[in-house]
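Taking it in order: structure first as structure tokens, then the write-up.
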Amino acid sequence: MLTAFADPVFDSQRTFRELLQAMARPAVPRRLPVVPPSPAAVAPEAMAILLTLCDAATSIWLQRPDAEAVDHLRFHTGLRLADQPQQADFALIDDPASMPALACFAHGDPRYPDRSASLIVQVNGFRTDGGAHFAGPGIRDAERLSVEGLPSDFWQQRAALSTQFPLGLDLYFVAAQQVVAMPRTTRLLEA
Amino acid sequence: MTPRYNFAFLDEDTKRMLRRALLKAVAIPGYQVPFGSREMPLPYGWGTGGIQVTAALLGPDDVLKVIDQGADDTTNAVNIRRFFSRVAGVATTEHTADATLIQTRHRIPETSLREDQILIFQVPEPEPLRTLEPREAETRTLHALADYGLMHVTLYEDIAQYGHIATSYDYPVLVDGRFLTSPSPIPKFDNPKLDRSPALMLFGAGREKRLYAIPPYTRVESLAFDDHPFEIQRWEHQCELCGSGDSYLDEVVVDDRGTRMFVCSDTDYCSGRRVEAQA
């Protein structure tokens with residue numbers, strides 16, 4: 001059995017502050033301050049987010065419910081496993097190329113749009129010197145970002161969801177000790 | 001620091017619940033996220049919502065500033081600052097520029113905030129429609145449908161009765177063109193500072209068990225009409241201590257014959273200007 005955060009109180013506090021700034025300033029990669037030990041099926045960056053935000057009150061859907069990862073998460077956080085993506089507060093996507101459609105996850109209730117899923121997507125990497133332009137709350141003018149390893153129709157699927165705002169999904173992309181958050185309000189600008 | 005408590009008073013489960021709610025609040029600007037408000041060692045109405053948000057954010061490297069109506073030295077501000085230095089051992093400051101976290105009751109500092117600062121508002125009533133519609137189920141529906149006619153009618157009634165919009169504080173705003181939001185009872189003088197602020201702004205209402213957020217660089221419009229545009233308060237006076245002509249002024253009675261003076265509500269801004277003038 002692997003350990004979790006070496007210092008649970010302060011490691012999760014520092015991770016949360018980065019996540020909050022990441023969500024407040026979308027499409028900008030931010031360095032995660034602590035990457036904990038993690039079973040092979042879960043990226044250490046994704047594990048840092050899960051240890052920071054999950055406990056017995058949350059459920060997670062794992063794209064690949066690897067036994068070692070499930071044991072590790074249950075032991076350290078007490079979270080519940082969801083059978084269906086629709087039921088989960090969090091979803092961990094380790095192979096974006098074969099991920100289920102974004103429409104499969106919980107988008108919230110019109111009166112309670114916060115009751116929607118947060119997706120943690122393990123990608124291959126980020127580039128900020130190229131890629132699409134993004135705008136929306138938290139972005140002063142526009143940010144450029146390319147996320148490597150997403151299915152080709154990912155952004156079309158996401159754009160289709162945006163018509164349902166305030167319902168929607170919030171995304172955390174992770175790679176190389178970095179996190180990029182993309183709340184439902186961030187728009188991909190057509191070139 | 002008092003060692004009997006967990007860091008920053010709240011237990012880790014409560015902080016995680018608050019942190020999940022805060023992330024959703026930032027993702028849906030202006031929308032009120034319900035949260036499980038805890039009993040705090042001071043009563044509702046004394047900033048328990050702001051305190052819980054601050055406790056969920058606070059780390060050992062933070063520098064905390066707390067203001068009450070702009071002042072660092074009033075009872076509420078002093079108590080909250082002392083509370084966090086006892087239960088978290090964090091550094092505190094009265095200087096806006098030195099703070100990483102600023103908890104505020106009913107003002108936004110005059111000094112412009114930066115991207116690395118977070119402003120946390122204490123909110124008594126998070127629902128801007130509550131005085132017009134008492135049922136939570138109904139106000140939730142109005143927000144879901146973005147049906148804000150009630151608020152426009154209220155502002156119109158002000159114009160019909162007084163000739164202008166008489167609301168001078170807690171002046172309703174539309175965040176990113178979607179959610180009608182209470183800016184907390186800040187004077188409408190401060191509303192323009194909400195618009196495209198470089199700093200993240202978080203709002204906590206302890207008694208009402210709601211929190212919400214305005215992300216940085218987000219459009220925040222104060223409601224108005226084409227022929228009655230939004231206007232902020234103006235004074236014929238200048239601050240009698242620092243001479244400022246563009247800050248929010250408090251009118252203070254200084255003797256028993258009704259003599260009055262006008263002074264800056266933001267004590268740090270005012271004393272900073274006086275130090276500068278002497279130098």
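Side notes on the structure shown:
- Filtering the range A:45-64 to residues that are surrounded by fewer than 21 Cβ atoms within 10 Å (Cβ to Cβ) and β-branched (Val, Ile, Thr) leaves only A:Thr58.
- Contact map, the range B:244-256: residues that are farther than 18 Å from B:Lys188 by Cβ paired with residues that are in a strand (DSSP E or B), Cβ distance under 8 Å, separation 6+ or inter-chain. Pairs shown: B:Ser244/B:Cys264; B:Val252/B:Arg260; B:Val252/B:Met261; B:Val252/B:Phe262; B:Val252/B:Val263; B:Val253/B:Arg260; B:Val254/B:Arg260; B:Val254/B:Met261.
- Residue selection: A:Ile49 satisfies the criterion of being under 27 Å from B:Glu115 (Cα atoms), among the aliphatic types (A, V, I, L, M) and in contact (Cβ under 8 Å) with a residue 12 or more places away in the chain.
- For the range B:26-55, filtered to residues that are within 27 Å of B:Glu110 (Cβ to Cβ), small (Gly, Ala, Ser) and within 14 Å of chain A (Cβ to nearest Cβ), the residue that is surrounded by the fewest Cβ atoms within 10 Å (Cβ to Cβ) is B:Ala55.
- Candidate set: the range B:129-149, residues that are small (Gly, Ala, Ser) and within 12 Å of chain A (Cβ to nearest Cβ); chosen: the one farthest from A:Leu167 (Cα to Cα): B:Ala137
- Qualifying residue in the range A:53-63 (condition: assigned to a helix (DSSP H, G or I), in contact (Cβ under 8 Å) with a residue 12 or more places away in the chain, within 12 Å of chain B (Cβ to nearest Cβ) and in contact with a Gly (Cβ under 7 Å, 6 or more places away or on another chain)): no
- Here the condition is being more than 10 Å from chain B (Cβ to nearest Cβ) and under 24 Å from B:Asp11 (Cα atoms); of A:Ala97, A:Ala46, A:Ala69, it holds for A:Ala46 alone.
- Selection count, the range B:178-198, where residues are within 21 Å of B:Gln117 (Cβ to Cβ) and surrounded by fewer than 20 Cβ atoms within 10 Å (Cβ to Cβ): 4
- Selected residue (criterion: farthest from the other protein chains (Cβ to nearest Cβ)) from residues of the range A:145-163 that are in contact with a strand residue (DSSP E or B) (Cβ under 6 Å, 6 or more places away or on another chain) and not charged (D, E, K, R): A:Ser146
- Conditions (1) closer than 22 Å to B:Leu101 by Cβ; (2) touching a Leu at 6+ places or on another chain (Cβ under 6 Å); (3) acidic (Asp, Glu): number failed by B:Asp190: (2)
- Residues (surrounded by fewer than 20 Cβ atoms within 10 Å (Cβ to Cβ), closer than 28 Å to B:Val263 by Cβ, over 15 Å from the mean Cα position of the chain (by Cα) and not charged (D, E, K, R)) located in the range B:58-90: B:Val63, B:Thr74, B:Thr75, B:Val78, B:Asn79, B:Ser85
- Scanning the range B:234-279 for residues that are in a loop (DSSP other than H, G, I, E, B), among the aromatic types (Phe, Trp, Tyr) and crowded, with 19+ Cβ neighbours inside 10 Å turns up just one, B:Tyr248.
- Among the residues listed as A:Gly168, A:Gly149, A:Gly131, the single one being over 18 Å from the mean Cα position of the chain (by Cα), on the phi > 0 side of the Ramachandran plot and of a type outside the set (D, E, K, R): A:Gly131
- A:Leu73 falls short on exactly one of the conditions (1) closer than 26 Å to A:Asp114 by Cβ; (2) assigned to a loop (DSSP other than H, G, I, E, B), and that condition is (2).
- Every condition in (1) of a type in the set (Lys, Arg); (2) within 30 Å of B:Ala137 (Cβ to Cβ); (3) crowded, with 19+ Cβ neighbours inside 10 Å holds for A:Arg17 except the one numbered (2).
- Some residue of the range B:113-127 being touching a strand residue (DSSP E or B) at 6+ places or on another chain (Cβ under 8 Å), at pLDDT 95 or above, surrounded by fewer than 22 Cβ atoms within 10 Å (Cβ to Cβ) and farther than 26 Å from B:Arg16 by Cα: yes
- Note on the range A:65-87: among residues that are under 21 Å from B:Met17 (Cα atoms) and aliphatic (A, V, I, L, M), the one that is surrounded by the fewest Cβ atoms within 10 Å (Cβ to Cβ) is A:Leu81.
- Per the listing B:Tyr162, B:Tyr169, the residue uniquely among the aromatic types (Phe, Trp, Tyr) and under 20 Å from B:Asp266 (Cβ atoms) is B:Tyr169.
- Complete set of residues in the range A:5-43 that are part of a loop (DSSP other than H, G, I, E, B), touching a residue at least 40 places away in the same chain (Cβ under 8 Å), within 12 Å of another protein chain (Cβ to nearest Cβ) and more than 13 Å from the chain's Cα centre (by Cα): A:Phe5, A:Arg25, A:Val28
- Given (1) under 25 Å from A:Pro85 (Cα atoms); (2) of a type outside the set (Lys, Arg); (3) over 18 Å from the mean Cα position of the chain (by Cα), number of the condition A:Ser59 does not satisfy: (3)
The values are calculated or read from the model by the stated rules, or taken from the named source; none is laboratory data. Please read these numbers as outputs of a predicted model, since none were measured by experiment. Cβ atoms come from the backbone with ideal geometry, glycine included; neighbour counts cover every protein chain shown.
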